[in-house]
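Derivation of every value follows stated rules applied to the coordinates shown; laboratory data play no part. In this text, all values refer to a predicted model and were calculated from it rather than measured experimentally. No Cβ is skipped: glycine too gets one built from the backbone with ideal geometry, and neighbour counts run over all protein chains shown.
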Amino acid sequence: MKPTDFRDATYRDLARLLCRDREQVYRAWLRFGPGTTREVAIRAEMSLFTFRPRSTQLYQAGLLEVEPGQRACREGRYRAVDVEAWKKRREALARPEQMVMGI
């Protein structure tokens with residue numbers, strides 16, 4: 001194997017690990033949420049150092065949302081978004097003809 005083969009293999013392994021971690025964190029939000037990242041990580045018995053960055057990725061992807069009356073900030077309260085609702089929202093955004101434009 002060449003050095004680039006080792007580099008690529010390491011990246012693939014890391015990418016798989018991150019996907020698995022993201023899925024575990026999402027499932028923890030479904031089971032133990034809503035709450036702050038710290039509260040849900042403790043309930044799920046996961047490391048905050050794994051939980052918080054994956055939660056940020058889920059929030060950016062639209063799979064976590066801020067509870068009403070909260071801001072997306074440090075120690076805000078979040079809840080998981082249902083995957084089916086998330087898919088419908090993504091599909092609606094992908095079809096601009098269905099979007100209503102204000103005049």
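Annotation: peptides 31-38, 87-94, 61-68, ranked by per-residue average of other Cβ atoms within 10 Å with the highest first, follow the order 31-38, 61-68, 87-94.
With neighbours defined as other Cβ atoms within 10 Å of a residue's Cβ, the residues Ser55, Ser47 order from fewest to most as Ser47, Ser55.
Estimated from the Cβ-Cβ distance and a Förster radius of 22 angstrom, the FRET efficiency linking Glu45 and Glu23 is about 0.85. Listed from fewest to most Cβ neighbours within 10 Å, the set Trp29, Trp86 follows the order Trp86, Trp29. Ordered by the count of other Cβ atoms within 10 Å of each Cβ, fewest first, Asp21, Asp82 give Asp82, Asp21.
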